[in-house]
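Novice: Here it is, the structure in full.
Read-outs throughout are calculated quantities, based only on the coordinates presented, and are distinct from any laboratory measurement. Just so you know, these numbers come straight off a predicted model, no measurement behind them. Ideal geometry is used to build each Cβ from the backbone, glycine not excepted, and the neighbour counts take in all protein chains shown.
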Amino acid sequence: MSPNVRGFLYGTGLIAVIPSLGLGLALANVIGNWNFFLLGSVFLAGFVTALAATSRRFWLALGQVVPAVLVALVLFAVGFRYDARWENADIGSAAVRALLFAPLALALCAVGGGLGWLLTRGSTPNTSLERTRDR
């Protein structure tokens, strides 16, 4: 598996696991608001993807927006279904909320990916010139 795919899967896993745990804690009335888990995981997904990838770090980090919106849609639908505080909400409300979340997810992925890109700028040296000198 290439490092780029592995980095993208690491970020997608973070987006899936962390907000799911937050929603589980919210449904168990341990915490009041699980949305911070969702926001933090999107930032971390962009950051980890940019750190783990070897090329096109920032673009792969921006690609985490699609899994973030899909996970948000599923988790909002589950939250609307099983939380008593959201009695009058339905799947349409979850879809609208997930779509409203998309621009924020794009911004968080961009910030996380940009930070990861800045930290790894010089970590992969360009060896193309060294190979041509040996000939």
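Novice: Above 22 angstrom, tally the Cα pairs of region 3-133 and express them as a % of all pairs, no decimals.
Specialist: Beyond 22 Å sits 41 percent of the P(r) for region 3-133.
Novice: Explain nothing, just compute: Karplus ³J(HN,Hα) = 6.51 cos²θ - 1.76 cosθ + 1.60, θ = phi - 60°, for every residue of region 76-82 in order, whole Hz, x for Gly and Pro.
Specialist: Going residue by residue, I get 5, 5, 5, x, 5, 6, 10 Hz, with x marking Gly and Pro.
Novice: Taking only C-alpha pairs under 8 Å that are 6+ residues apart, what is the relative contact order of region 3-133 in percent?
Specialist: Rounded, it is 31 percent for region 3-133.
Novice: Can you sort 120, 12, 49 so the residue with the fewest Cβ neighbours within 10 Å comes first?
Specialist: 120, 12, 49
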